[in-house]
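Report on one structure; see the data block that follows.
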Amino acid sequence: MYRTKVKNPILPGFNPDPNVLKVEETYYIAVSSFEWLPGVRIYQSNDLVNWEHETDILTDQVDLRGNPQNGSIWAPQISYSNGLFYLIYTDVKSTKRPFKDSHNYLITAPSINGPWSKPVYLNSSGFDPSLFHDADGRKWLLNEIWDYRLTTGNKSAGIVMQEFDGENEALIGPVYKIFDGTELAKTEAPHLYRHGDYYYLITAEGGTGSGHAVTVCRSKEITGPYELDPHYPMLTAKDKPASPLQCSGHGSIVQTSTGHWYMVYLCTRPLQGNAAILGRETAIQEVYWTEDGWLRLVLGGNGPLLETDIITTNKKEQRKHTDFKDDFNDALEKEWNTLRILADEAWCDLKSRNSYLRMHSGESIQSLFEHHLLAVRQKDFHFIAETKLDYTPKTFNQMAGLLLYLNDNNYLYAYLTYDEEAGRVIRLMKCAEGEFTLSPVCIKMGEGEVKFKVEVNGPVANFYYQTGDSTAWQEIGDAQDVMFLSGGFTGNFVGIAVHDLDKKANSYADFDYFEYYGFDNR
């Protein structure tokens with residue numbers, strides 16, 4: 001046996017709500033995608049040390065247009081039984097209090113790469129659903145239950161469970177309330193496991209912020225009553241302000257072929273102690289079962305660790321790489337994401353111009369419907385992203401360029417547009433917590449292709465441009481504070497976009513390439 005030192009997070013950047021599964025000798029982690037498509041990103045590993053992006057499951061099964069910021073696809077869970085993969089997920093349509101429209105669905109496939117079945121609607125009583133396959137062949141759906149009658153801001157009222165009839169694809173029988181939660185409150189993310197004589201319920205509590213935690217309870221009967229771990233929470237950073245990993249919670253567990261157990265969980269690495277610009281990430285830690293049957297962290301205590309040991313049968317070395325490049329030759333690289341709509345040939349065209357991506361314009365940068373944006377996760381505190389585009393705007397309402405984008409209230413956008421006096425120009429816009437600012441900088445451009453570059457180093461971003469045969473980068477305005485590109489349920493993205501407020505699909509930009517390279521792991 002070998003012990004490999006693994007540095008957390010194992011999935012850097014926006015990779016929240018991890019759920020881990022082992023099928024034969026392959027491990028999978030599914031993470032939430034919220035309003036970004038394709039939905040439910042799947043990472044794959046054969047050793048728990050190194051993870052690769054394998055696929056994204058949700059494509060034409062969902063319609064996210066108009067869904068609110070931080071809504072859409074929450075907390076997916078994957079399971080496997082009798083040759084089928086099962087994916088359970090929530091599509092959140094409204095988060096306006098006191099109610100929450102959270103619809104839960106099930107799809108299945110013979111392979112993690114599909115083909116996936118049409119969604120089966122299950123219920124809407126709460127979010128974070130999961131499916132438990134019992135040894136007797138029965139299947140049980142668990143989810144958080146939302147109670148609008150509660151006077152607290154968060155109205156999570158515990159965990160409920162109902163039997164699922166797989167043959168008829170329907171929930172049957174009574175709904176059982178199996179856990180009310182603790183005083184940590186905000187109980188969610190239920191995962192059920194059978195170990196020894198007990199059913200173990202692992203939940204997230206305390207909210208997904210600084211109070212986040214993992215709580216465990218158990219019962220000899222699947223429907224309860226469940227006994228609370230006397231030393232809960234088993235994992236939290238709430239009382240550990242010096243920990244480099246914060247907001248730790250939302251755990252799920254897996255046993256390896258060597259007999260060891262590990263928990264994957266959500267965490268953040270706040271920049272300067274308060275801005276999780278990379279979003280909620282995925283970490284891993286070894287756990288074990290005590291003699292009296294409770295789950296504990298191997299090195300003691302209940303805090304997250306920046307480093308952990310993974311026990312493997314062959315010597316391994318953790319590889320961390322975040323670089324990405326797309327030359328737009330044949331097909332879009334699978335790392336790309338879009339907002340609420342999929343990238344299709346109607347607006348992402350790789351055929352019209354050889355080795356270029358032609359992006360047709362969509363609605364405004366704040367649209368919740370037809371926002372034509374391609375973006376990748378920011379995975380490093382220090383990175384450079386670069387692109388080259390050919391674009392001839394005719395009015396001030398036409399724009400294309402390079403942007404940093406958290407959500408429709410928080411973004412930085414360096415773009416080509418048109419000015420009535422100066423002609424084609426480069427401008428810079430900013431929206432921070434909903435407050436819009438247009439930089440007075442207006443750089444006159446001649447004809448031809450233009451390169452854009454952004455370098456983000458910790459809390460600061462600098463945008464640059466380059467034209468013609470010049471090798472010199474010219475700065476676009478002053479350095480920009482990026483601390484506001486944090487918060488909510490996602491992380492920051494960097495990408496390319498085309499907008500036209502005169503008329504939809506009224507203009508297009510041709511992009512020659514896009515590349516991202518990070519410095520954190522070099």
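The values are calculated or read from the model by the stated rules, or taken from the named source; none is laboratory data. Quantities reported herein were computed from a predicted structural model and do not represent experimental measurements. Quick reminder, even Gly has a Cβ in these numbers, built from the backbone with ideal geometry, and neighbours come from all protein chains shown. Heads up: the accessible areas ignore ligands, DNA and RNA and are worked out on the full protein's heavy atoms, side chains in. Shrake-Rupley method; radii C 1.70, N 1.55, O 1.52, S 1.80 Å.
The mean sequence distance of close C-alpha pairs (under 8 Å, at least 6 residues apart), as a share of the length of segment 391-522, puts its relative contact order at 26 percent.
Computed with the Debye formula from one identical point scatterer per Cα of the chain, without solvent, the log10 of I(q)/I(0) at q = 0.08, 0.09, 0.11 Å⁻¹ comes to -0.51, -0.65, -0.94.
Semi-axes of segment 232-310's equivalent ellipsoid from the Cα gyration tensor, sqrt of 5 times each eigenvalue, largest first, rounded to whole Å?
One finds semi-axes of 24, 13, 10 Å for segment 232-310.
The translational diffusion coefficient of segment 185-287, from Stokes-Einstein at 37 °C and 0.692 mPa s with a Kirkwood hydrodynamic radius over alpha carbon pairs, comes to 229 µm²/s. How about Lys96: which lysines have a C-alpha closer than 24 Å to its C-alpha, ignoring those fewer than 8 places off in the same chain? Reachable lysines: Lys155, Lys186.
Our summary of shape: the Cα atoms of segment 140-200 have principal axis extents of 39, 30, 16 Å, ordered from largest down, in whole angstrom.
Its relative contact order, with pairs defined as Cα atoms under 8 Å and 6+ residues apart, puts the chain at 14 percent.
With all protein chains kept in place, the per residue accessible area of segment 114-159 amounts to 45 square angstrom at a probe of 1.4 angstrom.
What relative contact order, as a whole-number percentage, does segment 327-390 give when Cα pairs under 8 Å and 6 or more residues apart are counted?
About 33 percent, as a whole number.
Taking 23 Å as the limit for the C-alpha separation, the pairs Lys139/Lys238; Lys394/Lys503; Lys100/Lys139; Lys325/Lys430 exceed it in the case of Lys139/Lys238; Lys100/Lys139; Lys325/Lys430. Leaving out same-chain residues fewer than 8 places away, which aspartates and glutamates sit with a Cα under 13 Å from that of Lys504? The qualifying aspartates and glutamates are Glu363, Glu370. A cut-off under 14 angstrom between Cβ atoms defines the neighbours of Ile172, and their net charge, with Lys, Arg +1 and Asp, Glu -1, is -2. For the residue pairs Lys5/Lys316; Lys5/Lys240; Lys388/Lys453; Lys7/Lys320, the C-alpha atoms sit more than 19 angstrom apart in Lys5/Lys240. Remark: segment 108-216 is approximated by an ellipsoid whose semi-axes, taken from the C-alpha gyration tensor as √(5λ), come to 26, 16, 15 Å, largest first. Converting the Cα gyration tensor eigenvalues of segment 29-109 into ellipsoid dimensions via √(5λ) gives semi-axes, longest first, of 25, 14, 11 Å. The percentage of C-alpha pairs in segment 370-412 whose separation is greater than 15 Å is 57%. Spread over its residues, the convex hull of the C-alpha atoms of segment 1-158 is 143 Å³ per residue.
Show me 482-491, 35-44, 243-252 ranked by packing, highest mean number of other Cβ atoms within 10 Å first. Can you show the working numbers first?
Numbers: 482-491: 21.2, 35-44: 22.7, 243-252: 24.7.
By packing density, highest mean first, the sequence is 243-252, 35-44, 482-491.
Please state, rounded to one decimal and in Å, the Kirkwood hydrodynamic radius that segment 420-522 gives when every pair of distinct Cα atoms enters the mean of 1/r.
Working: mean 1/r = 0.0621 Å⁻¹.
Hydrodynamic radius (Kirkwood, Cα only) of segment 420-522 equals 16.1 Å.
From the alpha carbon centroid of segment 280-324 to that of segment 432-510 is 38 Å.
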